[in-house]
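The values are calculated or read from the model by the stated rules, or taken from the named source; none is laboratory data. Note that this is a predicted model, so its numbers are computed, not measured. Here the Cβ is made from the backbone with ideal geometry for all residues, glycine too, and neighbour counts use every protein chain on show. Ligands, DNA and RNA are excluded from the accessible area calculation, which covers all protein heavy atoms including side chains. Shrake-Rupley method; radii C 1.70, N 1.55, O 1.52, S 1.80 Å.
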Amino acid sequence: MNAPLYTTEILRLAASLSDPLQLEGADGQAELRSPTCGSRITTTVKLDEEERVEALGQQVHACAFGQASAALLERGAAGRSRDEVSEALAQLGSWLDGGDAEPGWGLTALAPARSRKSRHGAILLPFGALLAAIESAT
């Protein structure tokens, strides 16, 4: 019998996502949409003097996997640089495509989606939106 796609852990993560937040005086913003599933996210970011994430706000319209990914990003983004977010996005994409190196940020909780390419876009979207928001600020 196949393991369930939406595990209790994934549903808990999705439910833990903070309410939508639009940051006042944000340094950067990006809105991205996944062409594979239609998920959409708007991310605003404030950066500190070293151009590291100080605060972020997200408005997420996605499946449970996209919401869980956004929740994990929300937990781990503070203090991260553009390069660290870019590296995390690349590692996550490689891992989803079957790579052995675990992506960090607690993202291995999303392992049930590795075999479901249709879910990859939603999982990658929060990281892509944060990266684009940082790049719009610098």
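Counting the residues of the range 101-123 that are within 11 Å of GLN91 (Cα to Cα) and touching a Leu at 6+ places or on another chain (Cβ under 9 Å) gives 4.
For TRP105, the criteria (1) at negative phi; (2) open to solvent by less than 60 Å² (accessible area, probe 1.4 Å) hold in every case but one, which is (1).
Would you check which residues across the range 26-36 are under 15 Å from the mean Cα position of the chain (by Cα) and either aromatic (Phe, Trp, Tyr) or open to solvent by 80 Å² or more (accessible area, probe 1.4 Å) (or both) and list them? Give the steps one after another, and end with the answer.
Of all residues in the range 26-36, those under 15 Å from the mean Cα position of the chain (by Cα) come to 29-34.
Listed by number, the residues that qualify are GLN29, GLU31, ARG33.
The lone criterion from (1) in contact with a Gly (Cβ under 8 Å, 6 or more places away or on another chain); (2) at pLDDT 95 or above; (3) of a type in the set (Ser, Thr, Tyr) left unmet by THR138 is number (2). For the range 38-47, the criterion of a residue being crowded, with 23+ Cβ neighbours inside 10 Å and at pLDDT below 95 is satisfied by at least one position.
Just name the residue that is most open to solvent (accessible area, probe 1.4 Å) out of those in the range 111-138 that are over 16 Å from the mean Cα position of the chain (by Cα) and under 18 Å from ARG80 (Cβ atoms). So, considering only residues that are over 16 Å from the mean Cα position of the chain (by Cα) and under 18 Å from ARG80 (Cβ atoms), the one most open to solvent (accessible area, probe 1.4 Å) is THR138.
Of all residue pairs spaced 6 or more apart or on separate chains, those with beta-carbon atoms under 8 Å, a first member in the range 86-106 that is within 17 Å of ARG75 (Cα to Cα) and a second member that is surrounded by 14 or more Cβ atoms within 10 Å (Cβ to Cβ) and β-branched (Val, Ile, Thr) are LEU92/ILE123. For the range 63-102, name all the residues that are open to solvent by less than 20 Å² (accessible area, probe 1.4 Å), closer than 22 Å to ARG33 by Cβ and not small (Gly, Ala, Ser). If the condition is that a residue be open to solvent by less than 20 Å² (accessible area, probe 1.4 Å), closer than 22 Å to ARG33 by Cβ and not small (Gly, Ala, Ser), then PHE65, LEU72, LEU73, VAL85, LEU92, LEU96 are the ones that fit. Just to verify a result, which residue in the range 48-62, among those that are in a loop (DSSP other than H, G, I, E, B) and among the charged types (D, E, K, R), is surrounded by the most Cβ atoms within 10 Å (Cβ to Cβ)? Once the filter is applied, the top-ranked residue is ARG52. Out of GLU102, GLU135, one residue alone is acidic (Asp, Glu), under 20 Å from GLN29 (Cβ atoms) and in contact with a helix residue (DSSP H, G or I) (Cβ under 8 Å, 6 or more places away or on another chain). It is GLU135.
Taken over the range 34-59, residues that are touching a Leu at 6+ places or on another chain (Cβ under 8 Å) and of a type in the set (Lys, Arg) amount to 2. Count of the range 3-25 residues, restricted to those that are part of a loop (DSSP other than H, G, I, E, B), open to solvent by less than 90 Å² (accessible area, probe 1.4 Å) and free of Cβ contacts under 8 Å to residues at least 60 places away in the same chain, is 6.
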